[in-house]
Structure formats: C-alpha cells, structure tokens
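Enquirer: Have a look at this one before I ask anything.
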C-alpha cells in the first residue's frame, strides 16, 4: 500500500486538517520534476511548504498534549474531591459522580492513543517525502531538514508519564478510592516459577497496548529505598563460553539447561547487582522451570566470578541480624556456590548485554495476572572476540544505559524493532483467562512468539558466525507483523456511548485456558536456511523503510534442497547417533555457518511418552507368550521339542533385550528433542525371519526324525 493511501485510511477525521499534507508535497515534487529541471525556485517552494507543514504538525502536537495533560489534572482533582467529600460525610462514594470522571478519562485515553498514532504517522510522512525528494531531485534535503525536525521534535513526544497518571485514576476508580500499597522492591534471594506467553508489539501499537492494559491493571511502580523516581531501564549481562553451551542448551530446551546473567536496574552507578540463574525443566520430570537470584555488591562481582569472593560473610550477617530464615539462607548459600562453580567449570564469560525500558502492570499483592512491556530493546556485544570489549571486567564500561547507544560501533549493536510483551497468568486449573486478556492477545495489536528469548536472539544475531543453530522466530522477522485494525468509531463520543460502564472495570478472576503445561520438541528440517552472514544487518537496521516494507526487505525463504538418503542406519531411525559433529575452523567458527539450522518448536501431546511405554509393553507381551511356549517345549517335549524350545527361548530373550533397548532409545530421543525418525523398520522384520527360521528348524528336526 502506498503511503498516501495508508495516511488517508489511518487519519482521525476530527484532526484531518492538522495532518501532513503528503499529497500536496508530492504534487509539488511532480510539478517540479515534470519540467526540464527541478530548479532552485521549485526547491524554495517545496522547502517553504515543508516548513509550514512541520510548524502545523508540531504546534498541534504541543497544544493537544498540553490540553490532555490539563484534562488529566482536572480528573485527578475531581476524583480527590469526590473521595474527600465522601470521607468527610462518612458516606459511600457516589457512583454517578465517578461515572462522569470515568467517561472523561475514557475520552482522554482514546485521544492519547490517537495522538500517539498521529505523531508516528506524520513522522513517517516527513521521512517518506524527504526520501522521495532526494531520490527524484538533484538536491539533498534530508540531512538538513533533520536539524529542523530536531528543533521541533513533535515525534519525541513521550506519553509514558500521562499513561502512568491515567493508570492511577483508573486504579482509583477500580478500587473505589481505596489506594493500594506500593509493591516492595525486589529483594535478595528468591525463587519463583512463571508461566508466560510472549508477543511482539509493533512500535505503532505500543501506546494502544499500554492503554488497553491500564484500563484493567495499574502500572506497578516499585518503591525505592531512597524514595527517588523509579528508573524503568533494565540491563542484563548474559554469560556463555566459546562453545556456546548455554545458548544451545536454552535453544534446544535440554533438560536442566541453564542461563546465567547479571542484572541491574537503572544507570551504571547502581551498587546492587542481581546474579540470576534460570533452569529449564521438562514436563516429564514432574518439575517446573525455576528462576532463582541473589544480590551482590557491584564492587565484589569480578572477585565472585573469579572464585576469590564468596557470599559466606554476607550470609552470616543476615543470620546474625535475623533477616532471613535458616532455610532461605541455606538456599542462598547453595545458589551462590553453584553459580560460582558453573562459571568456573564451564569457563563462562560475558557474551551479550540486553537493555530495555520496562513498564510493568500488576495489582499490588495479586499475582494472578502480571504483564510487562519492554521497549527500546537493544542487544550489545560483551565478548572479546576480535577485540577487547568487556576485557577482564564483568561488563563493558563504554556502553552506558542511554538508548540508542549511537556512540558504540554498529557491529556491536542490534536494535530490536519491536516491543516485547509478556503475559503471566497464575490461575486455577480449568478456569478461563480474564476476558480482557483474551481480547488483547487475540487482537491485531500483538504477534505471538512462543519461547522468545532476548539472550538467544542477541547471540544469534550479533554472533551469528559462531553458532550453527538459529531460533525459529528469525524467519518471522522477514515480514511486517502489523495486522489490519478494526473499523474506527465515527467519533470519540460514539465510542463512549457504546462502551461498558464502570462495573466492567473490575478485574475478573481467570486463568490460562490451557490448564496444563505443553511439551515442545525442536525439529531440524535438515535443509539450509536463508540466513547468511549479512543477516544481522537486515534484522537490526532501524530505518524508515520499516514503515511500509518487510523488515528484511526480502521475499520468502528459498525452498529447501532435497536431502539424499545418508545410510542404512539413518533409514532405520538411528542415523543421528552416528553423525559426526559439524567441523569448525581454528578460531572455533563453524565451516558451514552460511547454512544454518533453525530450531522449530512443535507442540506434542504428553501421550507420546505413554505411547512409547505401550509399545514396549506390547513387545514384552509377545516375548512372554513366546517364552511360555518355549518353556512348555523344554519341560514336556521330546528331544526335538526341547531343541525347538531352546531356539524359541533364545528368540524370546533376544527380543526382550531388543525391546528394552528400543524403549530406552526412543525415550532418550524424546527427552533430548531429537528430530527423529522414531519408526522401527528393523525389529519387526528380524522378528518375522527369526520366527520363520525357528519354525523351519522345528519342522526339519521333526520330519528328519522319521
């Protein structure tokens, strides 16, 4: 779709006179280029028109943002007045007065979302028309006009503070004026299990997603010890070794696969660092995946990683002061020792940093529904391959915590093009998720990406030439994830009249509709992927071409080449046991890094384990029947019968052992998520020939006796 048509379809009719007049600017370009030459006069006319459009758009954004801010302030004042009046009179809060405030807040919320779309649409329009100008004329205007855009930065409008204020008002309306306590800060050692679903959110939809959530959940702000404003920035340093054992373990979902990271909140001056370990558990073990962490002073981190510092003294201080129970202290001691041992034994080093700003939504003290939205996600190299980055330190000191990190080398950065939405549900088995959550995850605003990992994505893009297996979602970045939006209401007032009333604001109890954990198996298709050595440049570039075209600017993946049969063992399903590992160069880089394998998650029912057991029991049943027949011949038969009984006994024992080995082999392949095949072409064939041979021997001996 051409941008002019996209602009016409997306504009708010009530604000149509304040949008960039894209068609008029394009007409000026066509008029000038239709002549023999695009002259200075044409250029002057075009620049003057562009300046007018910029002034118009910037002025409207400022005026509208100020208006919305004043309206929010008026609503805050009105809500406080209603609450104070009710407390003074000792009566219940008048729902009618709250309803008026809610109607106004709903209008404001809608207009905040519309203003966010207005900003992004017009900014895209300016970039498009500048690109078109520089392409079709001999003048270069984009570089110069970007200075003018920075002087009138309507596109830098930040709606987060207004969203937080709106969230506070919605929370007050939801709780009837009884303010909830602020959640305590994340403390020291803690272990918890999270069942999450992850989604990508296009930047065009981020504000709308926040607005949808804040109507049902308040923005969760952690109380800081020094009472300063919370910083939404989160930085994490992920560790791995030169063989990328942790990366491969997490990607292939090996049982017990670990991820170890160091995390801090806010800027680089923070003195508290959290050491975290995430352990993956398979469903067949009966256990759940766990994340555990403890805090350590930043000045001790390097010594801790080298094994020169332990948490013993800190734990002893906690024990003396009675800050933790003895059980918690023992778990902290075990966790710190295990992480330190893992770092030393596996040779873990800083590999990738992730940075993002997080907005969390949760009812304080209520863990049934927790949602986080991570924006400005950036992956940064921390390794020392090629040149020193972090050096001997646990993190590089030149990165900072201010996006977009333009001071760092381009090859060290990957700016992720989407926001990442995590929905965490903790509800009873058999009940449904809250209706508003279902509405959100099924809407056009989000794109589901199961098992997405910032660590895996960072390694697979920044260090692609050093890994042989890629995550399944990389091809998903080949296309535009935006979906058609539902029809726009005729006006804000029309929407207000048709929406549910205040009783609908209350959070409904619900749960995950699945009610059970799913099992995921990674399948290797066996063919080369289309991701080459230059893939990261496409995935991480952040230019205006993303506004209307697929992210990678390429077509669909190339068709896979047919795979020839390898050998007889592969045909019977055992080829993977005898395959040699991929060859590597002296530097540890795979020689076939241009032909990557992609791990694809496929949901498999737990009954696959029981099917394997039933097959094993079927083999045993046959062996028992055959063994019983053989024992009868041995005990009650004549000489020929005893020989036949001995033959059948050997056949029975042979297949009993074979069935056991086959059962263990299949179970191992399922647990390690092997690609298969799982069928057994040899066993039944050998069984038929063995029985046929035993019967022939029995007939031969019996008739030769006569």
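To keep it simple, each residue is scored yes or no on (1) in a loop (DSSP other than H, G, I, E, B); (2) touching a strand residue (DSSP E or B) at 6+ places or on another chain (Cβ under 8 Å); (3) closer than 24 Å to residue 403 by Cα.
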{"position": "239", "(1), (2), (3)": "no, yes, yes"}
{"position": "247", "(1), (2), (3)": "no, yes, no"}
{"position": "253", "(1), (2), (3)": "yes, yes, no"}
{"position": "261", "(1), (2), (3)": "no, yes, yes"}
{"position": "293", "(1), (2), (3)": "no, yes, no"}
{"position": "299", "(1), (2), (3)": "no, no, no"}
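Enquirer: A further question follows. What's the number of the only condition in (1) part of a helix (DSSP H, G or I); (2) under 17 Å from residue 137 (Cβ atoms) that residue 37 fails to meet?
Expert: (1)
Enquirer: Please count how many residues of the range 335-367 are closer than 20 Å to residue 273 by Cβ and exposed (fewer than 12 other Cβ atoms within 10 Å of the Cβ).
Expert: Within the range 335-367, residues that are closer than 20 Å to residue 273 by Cβ and exposed (fewer than 12 other Cβ atoms within 10 Å of the Cβ) number 1.
Enquirer: Oh, and also: Report whether or not residue 29 is assigned by TED's automatic domain parsing to the domain that holds residue 148, surrounded by 13 or more Cβ atoms within 10 Å (Cβ to Cβ), modelled with pLDDT of 90 or more and touching a helix residue (DSSP H, G or I) at 6+ places or on another chain (Cβ under 7 Å).
Expert: no
Enquirer: While we're here: Kindly provide the set of residues from the range 119-154 that are part of a helix (DSSP H, G or I) and farther than 24 Å from residue 29 by Cα, ordered by number.
Expert: Of everything in the range 119-154, those that are part of a helix (DSSP H, G or I) and farther than 24 Å from residue 29 by Cα turn out to be 151, 154.
Enquirer: Now for a separate question. Return only the number of the condition from (1) over 43 Å from the mean Cα position of the chain (by Cα); (2) under 24 Å from residue 202 (Cα atoms) that residue 106 does not satisfy.
Expert: (1)
Enquirer: For the range 174-186, indicate whether the set of residues that are loosely packed, with under 15 Cβ neighbours inside 10 Å, in contact with a strand residue (DSSP E or B) (Cβ under 8 Å, 6 or more places away or on another chain) and either at pLDDT below 85 or not in a helix (DSSP H, G or I) (or both) is non-empty.
Expert: yes
Enquirer: Which residues, taken from the range 346-365, are over 21 Å from residue 303 (Cβ atoms) and within 23 Å of the chain's Cα centre (by Cα)?
Expert: Matches in the range 346-365: 352, 354, 355, 356, 357, 358, 359, 360, 361, 362, 363.
Enquirer: All but one of (1) within 30 Å of residue 118 (Cβ to Cβ); (2) at pLDDT 90 or above; (3) touching a helix residue (DSSP H, G or I) at 6+ places or on another chain (Cβ under 8 Å) hold for residue 214; which doesn't?
Expert: Of the numbered conditions (1) within 30 Å of residue 118 (Cβ to Cβ); (2) at pLDDT 90 or above; (3) touching a helix residue (DSSP H, G or I) at 6+ places or on another chain (Cβ under 8 Å), the odd one out for residue 214 is (2).
Enquirer: Just one of the numbered conditions (1) touching a strand residue (DSSP E or B) at 6+ places or on another chain (Cβ under 8 Å); (2) modelled with pLDDT under 90; (3) on the phi < 0 side of the Ramachandran plot is not true of residue 456; which one?
Expert: Status for residue 456: all satisfied but (2).
Enquirer: A follow-up question, please. Being more than 30 Å from residue 137 (Cβ to Cβ), over 42 Å from the mean Cα position of the chain (by Cα), surrounded by 11 or more Cβ atoms within 10 Å (Cβ to Cβ) and not assigned by TED's automatic domain parsing to the domain that holds residue 211 is the requirement here; does residue 85 meet it?
Expert: Spelling it out, residue 85 is indeed more than 30 Å from residue 137 (Cβ to Cβ), over 42 Å from the mean Cα position of the chain (by Cα), surrounded by 11 or more Cβ atoms within 10 Å (Cβ to Cβ) and not assigned by TED's automatic domain parsing to the domain that holds residue 211.
Enquirer: Can you find a residue in the range 110-129 that is surrounded by fewer than 17 Cβ atoms within 10 Å (Cβ to Cβ), at pLDDT 90 or above and in the same structural domain as residue 167 (by TED's automatic domain parsing)?
Expert: Scanning the range 110-129, I find no residue that is surrounded by fewer than 17 Cβ atoms within 10 Å (Cβ to Cβ), at pLDDT 90 or above and in the same structural domain as residue 167 (by TED's automatic domain parsing), so the answer is no.
Enquirer: What is the number of the single condition among (1) on the phi > 0 side of the Ramachandran plot; (2) modelled with pLDDT of 90 or more; (3) assigned to a loop (DSSP other than H, G, I, E, B) that residue 365 does not meet?
Expert: (2)
Enquirer: Run down 43, 14, 51, 76 and say which single residue is exposed (fewer than 13 other Cβ atoms within 10 Å of the Cβ) and touching a residue at least 40 places away in the same chain (Cβ under 8 Å).
Expert: Within the list 43, 14, 51, 76, the selection yields 14.
The values are calculated or read from the model by the stated rules, or taken from the named source; none is laboratory data. This is a predicted model, so every value here is computed, not measured. In this analysis, Cβ positions are derived from the backbone assuming ideal geometry, glycine residues included, and neighbour counts consider all displayed protein chains.
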